[in-house]
1. Can you compute the helix-only [θ] at 222 nm over the chain? Use -39500 (n - 2.57) per DSSP H run of at least 4 residues, normalise by all residues, nearest 500 deg cm²/dmol.
2. Counting each pair of different Cα atoms once, what's the Kirkwood radius of the chain in Å, rounded to one decimal?
3. Counting other beta carbons within 10 Å of each residue's own, what order do 56, 236 fall into, fewest first?
4. Between helix 187-200 and the chain, what is the angle of the helix's C-alpha long axis to the longest principal axis, kept within 0 to 90° and rounded to the nearest 10?
5. Give me the one-decimal nm value for the distance between modelled label points at residue 50 and residue 215, 7 Å along each residue's Cα-to-Cβ direction.
6. For 220, 195, what ranking results if the residue with the fewest other Cβ atoms within 10 Å of its Cβ goes first?
7. Can you tell me the Rg and Dmax of the stretch 60-164, counting just the alpha carbons, in angstroms?
8. Any idea what angle helix 63-75 forms with the longest principal axis of the chain, computed on alpha-carbon atoms, 0 to 90 degrees, nearest 10?
């Protein structure tokens, strides 16, 4: 980005920086929704999308803008747009491991079975080549989601357990862990994890979590892969 900025005149430079910042604004707003702490989720999603799209309009080849916009698109239920942005990001910056992880995540949650396998392959490659990367707990969470989609319960349970061990307060991973436990028949342990989640974040409820899972999964059949264990534990009906 610095090389680009040096070639711009001052008014354009100021505008560019403003729009680059918009990608981060979009990321912040969508994270409020994802974390179930937004006072106005629909408004935050709309503003996040507007910010991401305006950032891409001005900086269509900035990998960080594309990475942030991709995550905004993904968490807004716009899988195809997310994949397009993230694919462009990693094509421009092939060693952008964060963007690669988000691409794997998008495929794991929303893709068809072939794309889930592709996403799992991305995540396994990241975990193998960068085992000390700060994103490892999140890649393990994404991997657990892919394994749930593919009914690889034991493997998903192990990934989710590792994720929560590395990042104990990441409650979304703990819910994934609870689902894996429930699907493995360990319903009492699953409910213990759910209790930890609701203590950490009292704003989460079965209803808003189900809505989030269905938004990302797109079909009831796919969503059930992420909900069946929570249903077995009795948290959702």
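1. Values: 13 runs with 187 residues, N = 237.
That calculation yields -25500 deg cm²/dmol at 222 nm.
2. Values: mean 1/r = 0.0550 Å⁻¹.
Averaging 1/r across every pair of different Cα atoms and inverting gives 18.2 Å.
3. On the way: 56 26, 236 18.
Fewest-to-most ranking of 56, 236: 236, 56.
4. Taking Cα atoms only, the helix is inclined about 40 degrees.
5. Between residue 50 and residue 215, the simple spin-label model gives 1.7 nm.
6. Working: 220 9, 195 12.
Fewest to most other Cβ atoms nearby, the residues stand as 220, 195.
7. 12.8, 41
8. Tilt of helix 63-75: around 40 degrees.
Read-outs throughout are calculated quantities, based only on the coordinates presented, and are distinct from any laboratory measurement. This is a predicted model, so every value here is computed, not measured. So basically every Cβ, Gly included, is an ideal-geometry build from the backbone, and we count neighbours across all protein chains shown.
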